[in-house]
Amino acid sequence: MTGFGVFSVDGGERRVGFRAGGEIRDLSGLGEIFRRPSLNALLAQGRGAWEDTLGRALEADVPRVPLAGATVHMPFEVADYVDFFSSLEHATNAGLLFRPDAEPLQPNWRWLPVAYHGRAGTVVVSGTDVVRPRGEVMHPAADVPLYEPSRRLDIELELGFVVGVPSRHGRPVPVSDFAEHVFGVVLVNDWSARDLQAWESRPLGPFLAKSFQTSISGWVTPLALLEEHRVEAPLQEPPPLPHLAGGRDWALDLELEVALNGAVVSRGNARTLYWTMPQQLAHATSNGASIRTGDLMASGTISGPDRGSEGSLLELTRNGAEPLRLPDGTERTFLEDGDEVVLRARAGDLELGEVRGRVVEPSGGAL
């Protein structure tokens with residue numbers, strides 16, 4: 001089983017389906033809400049309707065469509081996109097790479113789930129090509145930056161959650177209300193241009209280095225299917241402030257992998273995340289900001305404690321110092337034109353939708 005999405009066949013109308021293995025259960029005959037080109041109307045209905053819909057999707061006698069014969073579209077209209085920095089291992093690895101003589105974690109990191117506000121308009125469905133971004137890059141010993149294609153294009157293996165029920169402006173969403181507002185999860189690849197990021201992130205943080213594209217799986221796995229895969233999250237020290245306390249039983253035991261040109265280069269698990277999804281949502285609304293149907297909030301890169309469990313090439317290659325050697329004999333520090341990356345996640349018989357993307361050269365030619 002995977003989850004809900006939007007599909008079409010032979011250029012026909014888009015409609016809602018539920019993926020189960022290599023088939024899609026066509027739900028369009030169950031009512032008008034399933035004949036729409038996005039899940040947003042379903043997302044807005046609330047927890048009771050979600051659970052009822054899941055039961056109908058699993059039990060109703062509906063037409064079956066081979067996955068291989070269908071086109072999978074963006075499953076929902078993204079309202080806002082927020083990307084967190086929730087993995088202790090990733091934050092530590094990045095800090096050691098960029099600040100080797102200083103404390104790897106910034107002073108605020110253990111007190112709140114750090115995040116940036118991304119660009120909703122460039123969130124795309126799995127299978128969409130990734131056009132290598134251009135931007136300003138400051139090379140070592142240079143006095144003036146150059147505007148050029150990124151030479152340090154990277155991936156970020158992430159888990160995102162999709163908001164269904166909105167909240168009221170001015171009223172924070174407590175950790176305990178997470179499941180009343182959130183419909184389900186998707187896999188996320190937050191493509192990143194590290195050379196653009198290094199120059200522009202002084203002092204405000206990522207902008208063009210991230211906004212060119214973020215890819216998500218075509219299927220949203222509802223929270224109800226993840227219940228048996230919930231585990232306790234790692235110990236938080238120091239304990240968070242009261243408005244972020246709790247939600248520690250919302251770590252997910254999901255096995256993760258990254259494949260580059262068909263070769264698996266990383267294996268990890270989502271259960272290692274330091275800040276959980278309920279804490280992320282509580283923090284995002286703690287100042288009174290409201291959430292909307294279709295909001296996407298991603299975990300940030302998920303990395304584990306062992307070598308080979310890192311969720312980015314930045315970490316896997318130690319910022320390019322230790323290239324990956326692929327089975328065909330080639331080496332990679334960062335992504336080259338033509339490279340294809342596939343992210344996968346599963347827990348037992350539950351398989352989340354994959355995220356696939358191939359890098360293509362920018363307009364105006366290759367590097």
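For the reader, a short list of remarks on this structure follows.
- By the Kirkwood approach, averaging reciprocal distances over each pair of separate Cα atoms, the stretch 132-250 gets a hydrodynamic radius of 17.6 Å.
- Report summary: the helix-based calculation at 222 nm, which adds -39500 (n - 2.57) for every DSSP H run with n ≥ 4 and divides by the residues of the chain, gives -4000 deg cm²/dmol.
- For the chain, the spread of Cα positions along the three principal axes, ordered from largest to smallest, is 65, 50, 35 Å.
- Restricting the stretch 56-139 to GluC sites (Glu not before Pro) in coil, as DSSP defines it, with at most 16 other Cβ within 10 Å: E77
- Mean separation of Cα contacts under 8 Å (6+ apart) over length of the stretch 210-308, as relative contact order %: 24 percent
- Alpha carbon centroid spacing (whole Å) that separates the stretch 83-130 from the stretch 325-367: 20 Å
- Label-to-label distance, nm, for residues given as D177 and R346 (7 Å Cα→Cβ offset): 3.8 nm
- Summing Lys and Arg as +1 and Asp and Glu as -1 over all other residues whose Cβ lies under 14 Å from the Cβ of G95 gives a net charge of -2.
- Fraction of the pair-distance distribution of the stretch 3-73 above 19 Å, Cα-Cα pairs, percent: 24 percent
- Between helix 47-59 and the chain: long-axis angle, C-alpha atoms, 0 to 90°, nearest 10: 80 degrees
- Coordinate range along principal axes, alpha carbons of the stretch 212-333, Å, largest first: 51, 34, 31
- Cβ-derived FRET efficiency at R0 22 Å, E227 paired with A60, nearest 0.05: 0.55
- Between the stretch 308-322 and the stretch 1-49, the alpha-carbon center distance in angstrom: 38 Å
- Y147 versus S286: modelled label distance in nm, points set 7 Å from Cα along the beta carbon direction: 4.0 nm
- Dimensionless Rg ratio for the stretch 37-140, taking C-alpha atoms and the 2.2 N^0.38 Å reference: 1.63
FYI, it's all coordinate maths here, none of it is from the lab. The shown structure was predicted, so the numbers you read here are calculated from the model rather than taken from an experiment. FYI the Cβ positions are ideal-geometry reconstructions off the backbone, even for glycines, and counts take in every protein chain you see.
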